[in-house]
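Undergrad: Before anything else, here's the structure in question.
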Amino acid sequence: QPVAVEVLDHLEQLALVDFRDAEGVERLRKAIQFADQLHEVNTDGVEPMDSVLEDRCLYLREDDVTEGNCANELLKNAREKVEEYFVAPPGNIPLPKLEERETFLQGS
């Protein structure tokens, strides 16, 4: 089944992944098809879980600091920094307009 242009745009903005070419769109279509199998599972009467560890306690360790005061050493690894912070690349990728997507989606 084809992937709607709006769905593709929404997923790209959420995942920051560019599905701009036909191979990317096909990979996404197969992932959606695989995940759709979950709809076949009968969950009538099954309560949602709050945690995968509902039946046992989560082990917590003491939060003892054993090392520290190494911020300057860690910042030497940064390609770019501002004051005492790592600078990360911008989160959003440039996305083509919806009309430009039609070409790739028609083949999926």
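Undergrad: Pairs please, first residue from the range 66-88 and free of Cβ contacts under 8 Å to residues at least 60 places away in the same chain, second anywhere and open to solvent by less than 100 Å² (accessible area, probe 1.4 Å) and not in a loop (DSSP other than H, G, I, E, B), Cβ atoms under 6 Å, 6+ apart in sequence or on different chains.
TA: Matching pairs, first to second residue: 81/75.
Undergrad: Could you please find all residues in the range 1-16 being touching a residue at least 40 places away in the same chain (Cβ under 8 Å) and closer than 30 Å to residue 88 by Cβ?
TA: 3, 5, 6, 8, 9, 12, 13, 16
Undergrad: Restricting to the range 1-15, what's the tally of residues that are surrounded by fewer than 13 Cβ atoms within 10 Å (Cβ to Cβ) and touching a Lys or Arg at 6+ places or on another chain (Cβ under 9 Å)?
TA: So the answer is 2.
Undergrad: Next question, about the same structure. Of the residues 50, 55, 44, which single one is modelled with pLDDT of 85 or more, more than 29 Å from residue 8 (Cβ to Cβ) and either in a loop (DSSP other than H, G, I, E, B) or in contact with a Lys or Arg (Cβ under 9 Å, 6 or more places away or on another chain) (or both)?
TA: Just one listed residue meets the conditions, 44.
Undergrad: I'd like to know if the range 83-96 contains one or more residues that are at pLDDT below 85, assigned to a helix (DSSP H, G or I) and closer than 18 Å to residue 24 by Cβ.
TA: no
Undergrad: Which of the following residues is at pLDDT 75 or above, part of a loop (DSSP other than H, G, I, E, B) and among the hydrophobic types (A, V, I, L, M, F, W, C): 65, 25?
TA: 65
The values are calculated or read from the model by the stated rules, or taken from the named source; none is laboratory data. Keep in mind the model is a prediction, meaning the values are calculated, not measured. All Cβ positions, even for glycine, are placed from backbone atoms using ideal geometry, and neighbour counts span all protein chains on display. Side chains are part of the model used for accessible areas, which takes the heavy atoms of the whole protein and leaves out ligands, DNA and RNA. Shrake-Rupley method; radii C 1.70, N 1.55, O 1.52, S 1.80 Å.
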